[in-house]
Structures are given as C-alpha cells and as structure tokens.
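A.B. asks: Below is the structure I would like to discuss, written out as structure tokens.
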Amino acid sequence: MEDTLNHDYPYGKQREKRGGMWYTPVSGVWQSVWMESYPEGGIYDIRVSGDDERVTVSVKSDAKALTLTYRDGDEEKTVDFQGSVTLTPESARLWSPEDPYLYKFTVKSDTDEAHSYFALRKLEAKRAGKHTRFYLNGKPIFLHGVLDQGYFRDGIYLPEDPTEYEREIKRIKGLGFNMTRKHIKVEPSVFYEACDRLGLIVCQDAVNNGAYSFFWHTALPTVGMKRFPNFMHRKSARAKEIFLSHARETLDHVTRFPSVLLFTIFNEGWGQKDEAIVYDTLKREHPEMLFDTASGWFKTKKTDMRSDHVYFKRVVPNYDKETMPVLLSEFGGYSLPLAGHIFIEGKNYGYTLCKSKEELEEKILRLYREEILPAVRAGLSGAIYTQISDVEDETNGFYTYDREECKVNVEKFAAVARELAAAMEE
C-alpha cells in the first residue's frame, strides 16, 4: 500500500509542506477498524432514511424473518418484516437542536440482535414572503453555524480521547450555534452519533481532490473575480471518477446519522469540475439531502442554495431576486494568538489580527450585530463563522488549538444566537 498525496485522490487540507491554511499530513489508519463474526441468519447492517413523519429501516440479513421493536409514546410496538419496514410513529416527537429526541429500536433474528435509533426531522427550503428560507420540521430556522475542521493538537486527525468529540460539540452549542460545517474532513461515527444525541445539525463537506492555485482559487475571487478561466476546468477522467466515488462513500457513511442534513460538494472551486453531473448524481441517490454544490464563489445553477464566502469586506445583502435560500457558508476568521497556546511561535494566520480577547470579542459581536442581523432581516438564511478552534498556524478560532482557552465570553455569544432566532420571526 502506498500512502500518497497524489492530487487525483482526495487530500483535503493536507500538505507535505504545511503552513497557513494547509496542515500537517496524516498517514495510516485513522478511523475505527474491527473484525466481527456473524452467526447464520445474522444482522449485518442497518440503514435508516426518512423525514419528519415516517422512516424506513432497511436491514441487511440472510435471516428469513426479522422483528423490530421500538417505543411509540407509552406503547411498545413490535413489527415483523423482511428486508425493510416503514414506521410512522403516532406519538411523533420531532428531532431538533433544542430537543434532539431519538427513537431507539431493536432488530432481532432467530440468532442475532442489533440496536440502533432513528429520528423524525426534515430540513427543506420554502418560500416565505419575499425570501426563500430553511425550514426544519415545518418551521423557519436560521442555520447559525461554525466551521469545524476536526484537527487536534495531540493527534492531528483524531483526539487523544474519543470523548473529546462530545466536549467539542458542547463547546459549539455553548456558544449558541445550532449547526457545524464539518470542513473537508470525514469523522468517525462517534462524532456524528454525538451530534445526533446532543442536537447539532451537521453540514458535511466532501473532501476535495484536484489541483489548487492560490492565485486563481483564493486571491482573485477574494477581490471580486468570480469566473473560472477555461484552463482551471482541466481534470482527468480518473480524478473525476475518484472524486465522485469518494463523495458517494462519504454520503453512505454520514446519511446513517439524522443530524447530517446538508452536504457541500465543492469548496472555493478546489477540484471543481462537472458540478452539474455530480449534483444530479448525488441528489438522485439522496433526495432528502440539501446540497451546496459550490461553496464560496464559482457559482452553478445545479444547487439547493446560494452559498457565499465573505472575508475582508462587509456583508452586503442582495438577496431580493434569489429563488433559493442564501447561506453565508464562511465569514469572519478574526485572529488572536494566545501566548502559551500557539502551535509555532511567530506563525499566525487569519483575516483580521486582534491584540486582546476584548478586541476580538468586540469585533465579532459587532460583525454579527451590524452585518449579520440586518442581512437576516433582508433574507439571509444561515451563516457559518470561521472557526471553532485554532488549527496549527490559523489562530482564528473561538478556542485555542489545545482547547484550553476560550477567547470570548460564551454567554454573550449565546445571547447573539437568541437575537438571530428572533430576527427570523420579524
């Protein structure tokens, strides 16, 4: 086996020469690996799909008969089935960030038994007056998100202790966020299970492959040039096939978890090619998922939302003619290096350098209250701040890379979340 950073393969933010917004590469096994034996008539896999009214449970098994038992309100229900079964709970309790209710169930064959859970929830885009908004379970919701790259100082791609994922989610929710954008990295199941259980909506990114150019992909779009030159569309047939295959594998992994409701296909044009074909393929296979086909600046009509990145300038609402919901999928990124918590002294990467916790907090609060709140009233449906923690040279997190210091007053940001929710109702 060869561990390579060949750009035909998804590589995310790994670089052999790390620095800035590119990070230390990893190698070897980095997710759960196990061996498991099954009896004849065993239960090999369970998949759940559904919405806010019903779910379908599909079981891979060679058993001739299966039973599923779950609790519907005060009543325990058991159904016999083979292959798959659709459940419509009469005492429906919907999953949301405020009430992340999970229906636990058990599947049995004559020789095996497996436990899992499902949730009733649905995220969709609907017209509301002048604008199209995100709706969760039939009610408008502002997707108040934060970027999460999933890097840890002690293990790079993995924390030293798996329970750190739960602590990270609690940090995110403590700041008032109801969503995280899992940025260009796929996590182990333990992360998504914790999001299901604790109530955090996930926007999952596909992992990019293909070439990257700072000049064409970052510098020019940041100052306003939003069109791809023809030569930037070049991508081998092999690279396109590998990207689509990996995106499908990622969706196969994350759609097991009811908290994963959005999926980013391409970020800032990195490896972007044949986006309409990719969107159509993935949407056909996962019609319940909302897809952000081109997060950032290189736009496409085949998407479920308009997705903007805004750095170094004001957020100016211009949403009146939009027929899709508008997601500000990256903004902010204000930087504050804290002594004693810096990855490499003298290496500080961010978009606005602050000198103190007080200055950082004041600038971010002003950004939300003077730019994001007016944009919400003008039609903005979601915003994702960069980012939850520092990552190597990047010092633009709410928390330091070691997660030992929070740079802002948590309660003040929880108050901002309440203001954003109230603005949606105006």
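Laboratory data are not the source of any read-out in this text; all were calculated from the coordinates shown. Bear in mind the structure is a predicted one, so any value in this text is a computation, not a measurement. Note that we place each Cβ from the backbone using ideal geometry, even for glycine, and neighbour counts take in every protein chain shown.
A.B. asks: Helix 164-174 sits at what angle to the longest principal axis of the chain, using alpha carbons and giving 0 to 90 degrees rounded to 10?
C.D. replies: Tilt relative to the chain: about 70 degrees.
A.B. asks: Sticking with this one: Subtracting the Cα-Cα distance from 0.36 nm times the residue separation, let me have the gained length for residue 98 to residue 163 in nm, one decimal.
C.D. replies: Details: separation 65, 0.36 × 65 = 23.40 nm, distance 2.16 nm.
Extra length available between residue 98 and residue 163 comes to 21.2 nm.
A.B. asks: Hand me the chymotrypsin sites (Phe, Trp or Tyr not before Pro) from the range 1-70 located in a DSSP loop with no more than 15 other Cβ atoms within 10 Å, in residue order please. Working shown, then result.
C.D. replies: Working: sites: 11, 22, 23, 30, 34, 44, 70; in loops: 11, 30, 34.
Within the range 1-70, the qualifying chymotrypsin sites (Phe, Trp or Tyr not before Pro) (loop, at most 15 other Cβ atoms within 10 Å) are 30, 34.
A.B. asks: Additional query: Among bridges DSSP assigns within the chain, what percent are antiparallel (round to 5)? Mind showing how you got there, number by number?
C.D. replies: Values: 40 of 78 bridges.
Roughly 50 percent of the beta bridges in the chain run antiparallel, per DSSP.
A.B. asks: So what is the relative contact order of the chain, in percent, for Cα pairs below 8 Å that sit 6 or more residues apart? Spell out each step's value before the answer.
C.D. replies: On the way: 880 pairs, mean separation 66.7, N = 426.
Relative contact order here is 16 percent.
A.B. asks: Students often get this wrong, so check it: of 104/139; 301/321; 126/283; 126/321, which have C-alpha atoms separated by over 23 Å? Before the final figure, lay out the partial values.
C.D. replies: Working: 104/139 25 Å; 301/321 14 Å; 126/283 18 Å; 126/321 15 Å.
Distance filter (> 23 Å) returns 104/139.
A.B. asks: How about the range 304-412: which chymotrypsin sites (Phe, Trp or Tyr not before Pro) there are in a DSSP loop, with at most 10 other Cβ atoms within 10 Å of their Cβ?
C.D. replies: Working: sites: 311, 312, 319, 331, 334, 343, 349, 351, 368, 385, 398, 399, 401; in loops: 311, 312, 319, 343, 351, 398, 401.
Hits after loop and neighbour filter: 312.
A.B. asks: Another question, then. How large are Rg and Dmax for the range 17-86 when only the alpha carbon atoms are used, in Å?
C.D. replies: 20.0, 59
A.B. asks: Can you give the direction-averaged projected area of the convex hull of the alpha-carbon atoms in the chain, in nm²? Please report the intermediate quantities before stating the final value.
C.D. replies: Values: hull surface 86.9 nm².
Hull-based average projected area comes out at 21.7 nm².
A.B. asks: Please list, by residue number, every one of the GluC sites (Glu not before Pro) in the range 72-169 that is coil in DSSP and has at most 11 other beta-carbon atoms within 10 Å.
C.D. replies: Values: sites: 75, 76, 90, 98, 113, 124, 160, 164, 166, 168; in loops: 90, 98, 160.
Passing both the DSSP loop test and the Cβ count: 90, 98, 160.
A.B. asks: Angle between the Cα long axis of helix 237-254 and the longest principal axis of the chain, 0 to 90 degrees, nearest 10?
C.D. replies: So the inclination is approximately 60 degrees.
A.B. asks: With a sphere of radius 11 Å drawn around the Cβ of residue 380, what net charge do the other residues whose Cβ falls strictly inside it have (Lys, Arg +1; Asp, Glu -1)? The partial results should precede the final answer.
C.D. replies: Working: positive: 133, 306, 377; negative: 308, 322, 371.
In short, 0.
A.B. asks: Could you name the lysines in cross-link range of residue 64, using Cα to Cα under 21 Å and dropping any fewer than eight places away on the same chain?
C.D. replies: Within reach: 77, 108.
A.B. asks: What list of ³J(HN,Hα) couplings, whole Hz, do you get for the range 302-309 from phi and the Karplus terms 6.51, -1.76, 1.60, once you set θ to phi - 60° and write x for glycine and proline?
C.D. replies: 8, 7, 9, 6, 8, 10, 10, 10
A.B. asks: What FRET efficiency do you get for residue 189 and residue 67 if R0 is 30 Å and r is their Cβ-Cβ distance, rounded to the nearest 0.05? Mind showing how you got there, number by number?
C.D. replies: Values: r = 25 Å, r/R0 = 0.83.
Efficiency for this residue pair is about 0.75.
A.B. asks: Return the subset of 235/347; 235/313; 170/412 for which the Cα-Cα distance in this structure is over 25 Å, preserving the input order.
C.D. replies: Numbers: 235/347 33 Å; 235/313 32 Å; 170/412 16 Å.
From the list (235/347; 235/313; 170/412), the Cα-Cα distance tops 25 Å for 235/347; 235/313.
A.B. asks: Within the set of other residues whose C-beta is less than 10 Å from the C-beta of residue 208, count the net charge using Lys and Arg as +1 and Asp and Glu as -1.
C.D. replies: Surrounding charge for residue 208 is -1.
A.B. asks: Across the range 4-10, in residue order, what do the Karplus-derived ³J(HN,Hα) couplings come to in whole Hz, using 6.51 cos²θ - 1.76 cosθ + 1.60 with θ = phi - 60° and x for Gly and Pro?
C.D. replies: The phi angles translate into 10, 9, 3, 6, 5, 9, x Hz.
A.B. asks: Next question. Taking the Cβ-Cβ separation of residue 126 and residue 300 as r and a Förster radius of 25 Å, what is the calculated FRET efficiency to the nearest 0.05? Before the final figure, lay out each step's value.
C.D. replies: Details: r = 22 Å, r/R0 = 0.87.
Calculated transfer efficiency: 0.70.
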